1. State the number of residues belonging to the stretch 53-77 that are part of a loop (DSSP other than H, G, I, E, B) and either of a type in the set (A, V, I, L, M) or touching a helix residue (DSSP H, G or I) at 6+ places or on another chain (Cβ under 9 Å) (or both).
2. Suppose we filter the stretch 44-80 for residues that are under 14 Å from PHE106 (Cα atoms) and touching an Asp or Glu at 6+ places or on another chain (Cβ under 7 Å); how many remain?
3. Could you check, for the stretch 86-99, whether at least one of its residues is farther than 23 Å from PRO139 by Cα, β-branched (Val, Ile, Thr) and in a helix (DSSP H, G or I)?
4. For the stretch 104-140, give me each residue that is open to solvent by less than 80 Å² (accessible area, probe 1.4 Å) and part of a helix (DSSP H, G or I).
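The values are calculated or read from the model by the stated rules, or taken from the named source; none is laboratory data. Everything numeric here is computed off the predicted structure, so don't read it as measured data. Don't worry about glycine lacking a Cβ; one is built from the backbone with ideal geometry, like all the others, and counts go over all protein chains shown. The accessibility values were calculated without ligands, DNA or RNA, using every heavy atom of the protein model including side chains. Shrake-Rupley method; radii C 1.70, N 1.55, O 1.52, S 1.80 Å.
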Amino acid sequence: METFTRLLPALAVVILVLAGAGLYRWLGSSSGTAPPPLATEITADGRPVLVELGSTSCASCVAMHRVLDELQSSHGDRLQLVSINILEQPELVGRWKVMAIPTQVFLDGDGRELGRHIGFLSADAIRERFAAAGLPLGPATADDS
């Protein structure tokens, strides 16, 4: 019973993700490349955007928050960072097509999706992804660790 109790939060996240994805398909999706509206505002100001969808209850998500903090300090002037807790905003699971957490969605400066990744991703890997899409963020500052 103790094992089940410890697995219950993870099971709840899986159910939320699957239910959200099913509801998204049931409601129909748009085929456009612009991101869906967010509870957290994203402005198309020319900077690329990294949207991180996760929670505070999964280890990889918590590790991603440290990466986001690192990127904010090293590239905050060149990159918008948006973190969405899907447990607090479950309506965004389907709208962002989240299949597992953490999920990172890469957007260009106009808000068009460039790609996505599921799981932990290091700051270096995120910089490489943007560079490969033709949006180099530049080197990390000396404060970047």
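1. Let us first name the residues in the stretch 53-77 that are part of a loop (DSSP other than H, G, I, E, B), namely 55-58, 76-77.
Then keep just the ones that are either of a type in the set (A, V, I, L, M) or touching a helix residue (DSSP H, G or I) at 6+ places or on another chain (Cβ under 9 Å) (or both); that gives 55-58.
Number satisfying all stated conditions: 4.
2. 3
3. Filtering the stretch 86-99 for residues farther than 23 Å from PRO139 by Cα gives 86-99.
Keeping just the survivors that are β-branched (Val, Ile, Thr) gives 86, 93, 98.
Next cut, in a helix (DSSP H, G or I) only: 93.
Among the residues of the stretch 86-99, at least one is farther than 23 Å from PRO139 by Cα, β-branched (Val, Ile, Thr) and in a helix (DSSP H, G or I), which makes the answer yes.
4. First, pick out the residues of the stretch 104-140 that are open to solvent by less than 80 Å² (accessible area, probe 1.4 Å): 104-109, 111, 113-117, 119, 121-123, 125-127, 130-131, 133-135, 137-138, 140.
If the condition is that a residue be open to solvent by less than 80 Å² (accessible area, probe 1.4 Å) and part of a helix (DSSP H, G or I), then ALA123, ALA125, ILE126, ARG127, PHE130, ALA131 are the ones that fit.
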